1. Using θ = phi - 60° and the Karplus form 6.51 cos²θ - 1.76 cosθ + 1.60, what ³J(HN,Hα) does each residue of segment 341-353 get, whole Hz, x for Gly and Pro?
2. Using a Cα-Cα cut-off of under 18 Å, which aspartates and glutamates could be cross-linked to Lys38, ignoring same-chain neighbours fewer than 8 residues away?
3. Could you tell me which of Phe409, Tyr368, Trp329 has its Cα farthest along the dipole of the chain towards the positive end, charges placed at Cβ (Lys, Arg +1; Asp, Glu -1), taken about the Cα centre?
4. Report the Cα centroid-to-centroid distance between segment 371-414 and segment 299-322 in angstrom, as an integer.
5. Cα-based Rg of the chain per 2.2 N^0.38 Å, rounded to two decimals?
6. If the only charges are +1 at each Lys and Arg Cβ and -1 at each Asp and Glu Cβ, what is the size of the charge dipole of segment 4-88 around the Cα centre, to the nearest 20 debye?
7. For segment 279-414, just say rounded, prolate or oblate: build the C-alpha gyration tensor, square-root its eigenvalues into a ≥ b ≥ c, call rounded for a/c under 1.5, and beyond that prolate if a/b exceeds b/c, oblate if not.
8. Rank by packing, highest mean first: peptides 189-199, 379-389, with packing defined as the count of other Cβ atoms within 10 Å averaged across residues.
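Here, each number is a calculation from the coordinates, and none is a lab measurement. All values reported here derive from a predicted model rather than from experimental measurement. FYI the Cβ positions are ideal-geometry reconstructions off the backbone, even for glycines, and counts take in every protein chain you see.
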Amino acid sequence: MIDLKKVRENIEGYKAICKNKGKNIDVEAIIAKDDERKNLQKQIDDLKFQQKKFGEEKKYDEAKALKTEIQAKEETYQTIVEDLNKELLKMPNTSIHPDAPIGKNDTENVVIKTIGEPIKFSFEAKDHMELMKKHDMVDVERGVKLAGARSYFLKGDGMMLEQAILQYTLKKLVAKGFTPMNVPNIVNPEALQGTGYFPGGEEDAYWLERDNQWLIGTSEIPVTAYHMDEVLSEDELPKRYCGYSACYRREAGTYGKDTAGLYRVHQFMKVEQVVILPEDIAMSDEFHRQILQNAMEIIDDIKVPYRVLQLCTGDMAIGKYNSQDLECWMPSRDGYGETHSVTSFLDFQARRLNLRYRDKEGKIKYCYTMNNTAIATPRFLIAVIENYQQADGSIKVPEVLVPYMGKEFITTGK
């Protein structure tokens, strides 16, 4: 839950945050509901004090009468808390980074850096599906036959290239001090609510109805929730994890969009950076830069043209404090396609997860969290395969991936 104390300190400022994020939040009504909760809590406390006093005076009938009144008020209090919590879960972060421009949607995001020039082929270039089918790297038809639309098999060099990219990424992050984690793909709803995906993201997630559990859309969810309901020591912060997992998304609301190829699929693989920090804005900004730089270095190493976008307020989900996207050049799209994102949350996720730490003075505080897509496939495969295609139809293997592939070119198949 957000910190209503911060909201109360600057109600007009918080209203501006809601407006800039495109969220219609009745802030005054929520404050009034919280006031009602506080007043009722005081009434209950006063009645319990009086009840205890009657007991000490052996006025048992009066104490018994108060018990009934207390129970009725506690039931009302519980209803108010439940209603209030539902509203609090919909409220945006109490802060927005000063670098985030005010804007309505993704059309107002700002390109802040472009790295590399889009390649100009001296031959008629093919898209990733043509190339992958030529070399027997993918089978969409049988994927659709077995699992429906947006499904696929990666096979042969397709599967090996994906693993090369994932393993290269993991090795690089481990060398930078990240602890790798192979995470549960099925989680309880509390993990999704705690990380900010619920409420609001239910339609895009796969629900295992019999067990009331959900498939994850990113390893950010289990990794960030790893220390849920714990009190860490400041001495053990920051914690740096890289989660490795399959990810599952229904892609609700994208009917008819990006239906061809592997750009938008229901299942994919990802390596996610997650950092858990103490309550320190300067440290948060520094680690945000670091994990963004880590992702950029991976793309730099593989040598694919890309650009960095600063997300505007209207394109940031309710929990985001600061966020950038990385988009790689994809020749078949004649443009850039989103492949990575990096986001800082301050204490937004930690409050919902009850993720806290004890500082050096012994005070309990909420942690700060952030995450970044270090790599996601098969979307990143599109950029690699299309940018590295050769005139004869072969695919050159990026130099840093050759040791993982055991070859310099993909030439097998038809």
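1. Along segment 341-353, the couplings run 8, 9, 9, 10, 10, 6, 9, 4, 6, 4, 5, 6, 8 Hz.
2. Within the straight-line cut-off, Lys38 pairs with Asp3, Glu9, Glu28, Asp46, Glu69, Glu74, Glu75, Glu82, Asp83, Glu87.
3. Final value for the positive-end residue is Phe409.
4. Taking the Cα centre of segment 299-322 as reference, the centre of segment 371-414 is 23 Å away.
5. Dividing the Cα radius of gyration by 2.2 N^0.38 Å gives 1.18.
6. On the way: 20 positive and 19 negative charges, 66 e Å.
Charge dipole of segment 4-88: 320 debye, to the nearest 20.
7. Values: a/c = 3.40, a/b = 2.32, b/c = 1.46.
Here segment 279-414 falls in the prolate category.
8. On the way: 189-199: 20.0, 379-389: 25.2.
Listed from highest to lowest mean packing, they are 379-389, 189-199.
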